[in-house]
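Enquirer: To start, I am sharing the structure in question, which I have written as structure tokens.
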Amino acid sequence: MTRTLYTPELCEIIEIRDETPDTRTFRLRFVDEEKQKNFTFTPGQFGLYSVFGEGESTFCIASPPTWKEYFECCFRVVGRVTKALRLLDVGSVIGFRGPYGIGFPLESWEGKNLLFIAGGIGLPPLRTVIWTILDPGYRQKYGEVTVVYGARSVSDLVYKPELKQWEERSDMKLIKTVDPGGETPDWDGKIGFVPTVLEEAKPSSNNTIALICGPPIMIKFTLPVLSSLGFELKNVYTTLENRMKCGLGKCGRCNVGDFYVCKEGPVITAERLKSLPPEY
Amino acid sequence: MIIQKDKLFALLEKLKSGGKRIIAPTKRENILLFSEIGSTDEIIQDYINTRLSLKGFFLPRSEPILEFRIHQKNVEYTTVLEENIKPTVVFGVRPCDAGSLPIMDKVYTWDYIDEYWVKRRESTIIIAVSCLDCDEACFCTSLGLDPGSTKGSDILLTPVGNDTFLVEIASDKGKKLVEDNAELFAEGDADKDSILAPVRQKLGKKFDLSSIQPWLQENFFHKFWEQNTLYCIGCGVCTFVCPTCHCFDIVDEGTVSGGKRMKLWDACQFRTFTIHASGHNPRARQDERHRQRIEHKFNYYPKKFGDTLCVGCGRCVRYCPVDLSILRILTMISQLSQTGSQTSRAEEK
Ligand SMILES: Cc1cc2nc3c(=O)[nH]c(=O)nc-3n(C[C@H](O)[C@H](O)[C@H](O)COP(=O)(O)OP(=O)(O)OC[C@H]3O[C@@H](n4cnc5c(N)ncnc54)[C@H](O)[C@@H]3O)c2cc1C
Ligand code: SF4
Ligand code: SF4
Ligand code: FES
């Protein structure tokens with residue numbers, strides 16, 4: 001069959017999990033077994049997921065490349081495509097193009113501590129990194145692993161069963177929090193906004209890389225906290241979410257200044273981000 | 001080498017009967033446009049330039065890229081890509097428009113190859129005709145192009161009087177076309193420079209291109225943008241008529257049982273172009289969107305691809321409904337860069 005750079009692959013939905021009232025995870029497998037076998041990517045890369053007849057949507061690949069049998073995405077229902085995605089059942093097929101973009105430079109972080117800071121639906125792009133480095137083949141290459149994760153309320157936390165697993169592990173530390181008022185009677189985490197909780201936790205910036213992903217307001221207030229903890233901007237990574245169409249550097253939609261998010265991002269250091277116009 | 005007009009039209013007729021599609025400037029509902037001709041009688045020869053550029057022959061306004069059928073949980077799809085594009089000759093292309101093609105090739109072959117663009121480019125021969133006249137919107141010479149430039153052409157013809165054209169071969173494709181039809185061409189020469197001298201003089205140099213990019217790099221936050229571009233009504237006309245604007249959308253059309261995925265022209269001047277699902281818009285104001293158009297053409301694209309993303313065809317100047325002239329914007333920037341006025345990021349934010 002003729003293929004072009006815009007031709008998707010078919011993927012079957014093999015499992016559906018509701019993360020929050022408006023956020024859902026799909027576990028996907030390429031219909032073509034060879035494709036699934038050969039599918040590799042770097043954590044942080046994204047794909048274009050499509051419902052035929054509704055269109056394409058950009059989501060990160062939320063699972064680690066160490067999971068070989070399937071991959072996952074996690075999406076919030078906000079518009080045309082995501083509403084259509086929500087209507088699909090296990091066994092339905094969707095389109096997928098990717099992986100696109102440049103992911104996190106995991107290899108260059110070997111020997112370092114990693115600090116993950118996520119808010120709300122900002123966890124999926126970091127979850128792929130977290131599970132990658134927790135893999136027995138990778139874990140010893142990195143130092144301490146700390147995850148600070150917060151959401152507006154307990155019901156807005158994604159990957160709840162995994163948060164439990166992370167809490168129980170001895171090779172990492174999870175600090176979870178919800179915004180004041182978002183707690184439930186049995187909530188056993190912290191209550192406070194992510195930047196405040198981070199400030200109290202005082203993670204060391206020594207030999208540490210920080211990865212931060214979440215709503216713009218959280219990023220805005222967290223960056224100064226990281227600076228006061230001694231993090232240099234070049235050691236702070238985030239991902240951009242500019243609207244995309246092609247994902248391939250053709251359609252001209254995603255640029256922030258001369259930075260084409262789909263080609264040179266979505267992963268970017270806070271240092272590079274600071275040099276760009278504030279169009280994100 | 002020269003060719004007489006009757007021989008030239010005989011050449012086009014011959015190419016047409018040989019199976020090629022011939023595209024030339026024509027009047028369609030009284031609008032000058034490039035379109036396929038049935039006969040050389042339809043060709044308009046006295047014109048400055050067409051309303052639309054020839055971009056649409058390589059990047060159509062809308063085209064299907066995928067067709068699909070949906071049956072319950074099953075989806076079948078096929079990629080839509082014309083395999084055997086009809087060999088095409090575009091005649092009467094102005095040097096500015098011809099010059100836009102190699103500039104656009106860069107983005108469509110950057111890393112990933114866009115076959116839709118590339119295949120059509122490969123199957124098309126460009127016969128350009130030098131300009132002997134211009135209007136006040138034209139500014140190719142200010143961008144390092146010329147009314148007699150061969151950039152992007154396969155053959156360039158320059159009218160030298162007495163229904164005669166000077167022939168310049170500008171590519172291998174052009175060379176082959178001339179060799180295959182050698183009997184129609186004749187020995188001869190003409191002084192192109194003296195023929196083009198009047199139009200070159202009329203075009204002049206309207207601003208200093210070398211000053212534009214440095215100013216843009218420094219003055220993203222300048223009040224200039226608000227003062228001079230906020231009144232843009234965001235209609236997108238400038239981008240649609242432009243030979244180098246190439247932004248597109250990908251949209252599905254169809255019903256529950258099937259449909260098509262379409263590639264459509266889009267415009268950075270639209271509010272919805274960059275809006276996030278959250279409602280946040282990185283370019284929320286019209287002056288920010290207009291700044292993007294100028295920055296993209298004169299700063300980002302040159303930085304990435306080494307070419308200015310404008311050929312000075314003047315279309316956006318002619319057809320903007322609120323007279324927001326890019327030529328005036330560039331002239332003002334060129335003047336501002338001499339006076340050195342700028343506003344820093346800190347002052348603005
Ligand atoms: C690199 C990257 C990674 C991403 N990763 C994820 C992820 O992992 N999970 C996730 O949930 N999201 C992610 N996103 C965001 C995601 O791409 C969007 O939320 C999604 O594409 C929305 O698609 P939709 O078709 O449902 O919404 P759309 O229907 O396209 O639009 C959603 C909303 O946008 C506004 N809008 C859009 N078009 C118009 C218009 N023409 N006029 C007016 N308003 C309009 C409306 O408010 C509309 O409700 C990512 C984005 C990027 C760029
Ligand atoms: S920006 Fe205006 S003058 Fe420049 S190529 Fe496009 S339409 Fe022509
Ligand atoms: S500059 Fe003029 S033509 Fe372009 S979008 Fe604005 S109003 Fe329309
Ligand atoms: S998404 Fe099309 S250029 Fe980046």
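Enquirer: Could you list, in sequence order, the residues of segment B:166-180 that are of a type in the set (Val, Ile, Thr) and open to solvent by less than 70 Å² (accessible area, probe 1.4 Å)?
Expert: If the condition is that a residue be of a type in the set (Val, Ile, Thr) and open to solvent by less than 70 Å² (accessible area, probe 1.4 Å), then B:VAL167, B:VAL178 are the ones that fit.
Enquirer: Still on this structure, please answer the following. Can you tell me which residues in segment B:220-237 are within 14 Å of chain A (Cβ to nearest Cβ) and either farther than 22 Å from B:ARG61 by Cα or crowded, with 22+ Cβ neighbours inside 10 Å (or both)?
Expert: Matches in segment B:220-237: B:PHE220, B:PHE221, B:HIS222, B:TRP225.
Enquirer: For the subset of segment B:281-333 comprising residues that are of a type in the set (A, V, I, L, M) and within 29 Å of A:GLU241 (Cβ to Cβ), which member is nearest to ligand 1 (Cβ to nearest atom)?
Expert: My answer is B:ALA284.
Enquirer: Another question, then. Restricting attention to segment B:101-126, which residues are within 10 Å of chain A (Cβ to nearest Cβ) and open to solvent by less than 10 Å² (accessible area, probe 1.4 Å)?
Expert: Scanning segment B:101-126 gives B:VAL107, B:TYR108, B:ASP114, B:TYR116, B:TRP117.
Enquirer: Those residues that are more than 9 Å from chain A (Cβ to nearest Cβ) and open to solvent by 10 Å² or more (accessible area, probe 1.4 Å), I need them from segment B:294-307; list them, please.
Expert: So in segment B:294-307, the residues more than 9 Å from chain A (Cβ to nearest Cβ) come out as B:294, B:297-298, B:302, B:305-307.
B:PRO302, B:PHE305, B:GLY306, B:ASP307 - these are the residues of segment B:294-307 that are more than 9 Å from chain A (Cβ to nearest Cβ) and open to solvent by 10 Å² or more (accessible area, probe 1.4 Å).
Enquirer: Pairs, please: C-beta under 8 Å, at least 6 apart or cross-chain, first residue assigned to a helix (DSSP H, G or I) and in segment A:146-172, second among the acidic types (Asp, Glu) and surrounded by 13 or more Cβ atoms within 10 Å (Cβ to Cβ)?
Expert: As it stands, the answer is A:VAL154/A:GLU183; A:LYS160/A:GLU19, since those pairs meet every condition given.
Enquirer: On to the next question. If you go through segment B:60-100 one residue at a time, how many are β-branched (Val, Ile, Thr) and open to solvent by 10 Å² or more (accessible area, probe 1.4 Å)?
Expert: Total satisfying the criteria: 6.
Enquirer: Which residue out of A:ASP186, A:ASP179, A:ASP135 is surrounded by fewer than 16 Cβ atoms within 10 Å (Cβ to Cβ) and free of Cβ contacts under 8 Å to residues at least 40 places away in the same chain?
Expert: A:ASP186
Enquirer: Would you check if A:ILE117 is β-branched (Val, Ile, Thr) and within 10 Å of chain B (Cβ to nearest Cβ)?
Expert: Considered against the rule, which asks whether it is β-branched (Val, Ile, Thr) and within 10 Å of chain B (Cβ to nearest Cβ), A:ILE117 comes out as no.
Enquirer: For segment A:205-280, which fully contained helices (runs of 4 or more DSSP H) count at least 1 residues that are hydroxyl-bearing (Ser, Thr, Tyr) and either open to solvent by 20 Å² or more (accessible area, probe 1.4 Å) or farther than 24 Å from A:PHE75 by Cβ (or both)?
Expert: Hits in segment A:205-280: A:216-228, A:270-275.
Enquirer: Please verify whether A:LYS245 is more than 16 Å from ligand 2 (Cβ to nearest atom) and at pLDDT 95 or above, treating the condition exactly as stated.
Expert: So A:LYS245 passes the test.
Enquirer: Here's another thing I want to ask about it. Assess whether B:ASP163 counts as being on the phi > 0 side of the Ramachandran plot, more than 14 Å from every other protein chain (Cβ to nearest Cβ), open to solvent by 50 Å² or more (accessible area, probe 1.4 Å) and away from ligand 1 (no atom under 16 Å from the Cβ).
Expert: Criteria met by B:ASP163.
Enquirer: Next up: Can you pull out the residues in segment A:197-212 that are of a type outside the set (Val, Ile, Thr) and touching an Asp or Glu at 6+ places or on another chain (Cβ under 9 Å)?
Expert: The answer is A:PRO203, A:SER204, A:SER205.
Enquirer: Please identify the pairs in which a residue from segment A:102-121 that is under 30 Å from A:GLY182 (Cα atoms) has its Cβ atom under 7 Å from the Cβ atom of a residue that is aromatic (Phe, Trp, Tyr), counting only partners at least 6 apart or on another chain.
Expert: So the pair list comes out as A:LEU114/A:TYR142; A:ALA118/A:TYR149.
The values are calculated or read from the model by the stated rules, or taken from the named source; none is laboratory data. Just so it is clear, the model here is predicted, and its values are computed rather than measured. Neighbour counts run over all protein chains shown; Cβ positions are idealised from the backbone, glycine included. Ligands, DNA and RNA are excluded from the accessible area calculation, which covers all protein heavy atoms including side chains. Shrake-Rupley method; radii C 1.70, N 1.55, O 1.52, S 1.80 Å.
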